Amino acid sequence: MSSIVRRRVKWLVTPLLAVASIAVASPAFADPFKGRNVSTVVNVSPGSTAALNWTYKNTGPDDYVPSGHASITFNAPTGTTFTAQSTVPVTSSTDGSNFVASTLTLTGCVLGGGGTTLACTLGTSDGKVMTWKTDQLLRFSPQVAVSPTATPGTQSAAAAMTYADSIDDGTLDVNIVQTAAVPMIDPLVGLGAGALLLGTAAAGVLNRRRRASLVH
């Protein structure tokens, strides 16, 4: 029996497990989902808005994500809050560098705690089960606003997916970068230097005139 079929039994036929224990292999329920968080730090300046990334890799066998039976909760890193957003982009990659649009969707997103949390419903664009292949990475990218007074430095906050095999070790990682101050030039300083040069030039002209008058 395939992994998907066994997991469907787990979702839909749980009350029958006592009766059908012989027909359903118990090891299917003893194997938890295997995956790992892939830290994806985003550099953001105070006072700006940017998308952070929760990137997670399936390091076990092919799994699946059901449509409409799962949810994701994000927590905002220190110094940031989530902006109002009803959906969150979801992309996937097989090599960790080229991410493309996924059939997974995050919709119905709701802010909580004054923008410190964002909860979304996880589904699929076609309403079917999505296979999460071995070594495939999924990336969820919610938008955050960084406080103008945020302290520079790297901050991380938890992200979790709840479904048949809950994932509770994801993170949103941000590096708040202090923008370098632009040096200001006092216009009076430049004017003073110009006046000094003009004064020097005028004095030279006056001295030449005085010497000329003495000759005549």
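For region 88-103, which residues satisfy the criterion of being open to solvent by less than 80 Å² (accessible area, probe 1.4 Å) and of a type in the set (S, T, N, Q)?
Thr91, Ser92, Ser93, Ser102, Thr103, listed by residue number.
Name every residue in region 114-131 that is open to solvent by 20 Å² or more (accessible area, probe 1.4 Å), closer than 15 Å to Ala159 by Cα and outside any loop (DSSP other than H, G, I, E, B), in order of residue number.
Answer for region 114-131, where residues must be open to solvent by 20 Å² or more (accessible area, probe 1.4 Å), closer than 15 Å to Ala159 by Cα and outside any loop (DSSP other than H, G, I, E, B): Thr117, Ala119, Thr121.
How many residues are in a strand (DSSP E or B) and surrounded by fewer than 19 Cβ atoms within 10 Å (Cβ to Cβ) if we restrict to region 76-87?
Residues that pass the stated criteria total 1.
Would you confirm whether any residue within region 21-32 is in contact with a strand residue (DSSP E or B) (Cβ under 7 Å, 6 or more places away or on another chain) and either modelled with pLDDT of 95 or more or open to solvent by 20 Å² or more (accessible area, probe 1.4 Å) (or both)?
Checking region 21-32: not a single residue is in contact with a strand residue (DSSP E or B) (Cβ under 7 Å, 6 or more places away or on another chain) and either modelled with pLDDT of 95 or more or open to solvent by 20 Å² or more (accessible area, probe 1.4 Å) (or both).
For region 132-149, name all the residues that are part of a strand (DSSP E or B) and either among the basic types (Lys, Arg) or out of contact with any Pro (no Cβ under 8 Å at 6 or more places or on another chain) (or both).
Matches in region 132-149: Trp132, Leu137, Leu138, Arg139, Gln143, Ala145.
Please count how many residues of region 161-178 are crowded, with 16+ Cβ neighbours inside 10 Å and closer than 19 Å to Phe82 by Cβ.
Summing the residues that are crowded, with 16+ Cβ neighbours inside 10 Å and closer than 19 Å to Phe82 by Cβ in region 161-178 gives 7.
The values are calculated or read from the model by the stated rules, or taken from the named source; none is laboratory data. Bear in mind the structure is a predicted one, so any value in this text is a computation, not a measurement. Neighbour counts are summed over all protein chains in view; Cβ atoms, including those assigned to glycine, are modelled from backbone coordinates with ideal geometry. Keep in mind that these areas ignore ligands, DNA and RNA; they rest on the heavy atoms of the full protein, side chains included. Shrake-Rupley method; radii C 1.70, N 1.55, O 1.52, S 1.80 Å.
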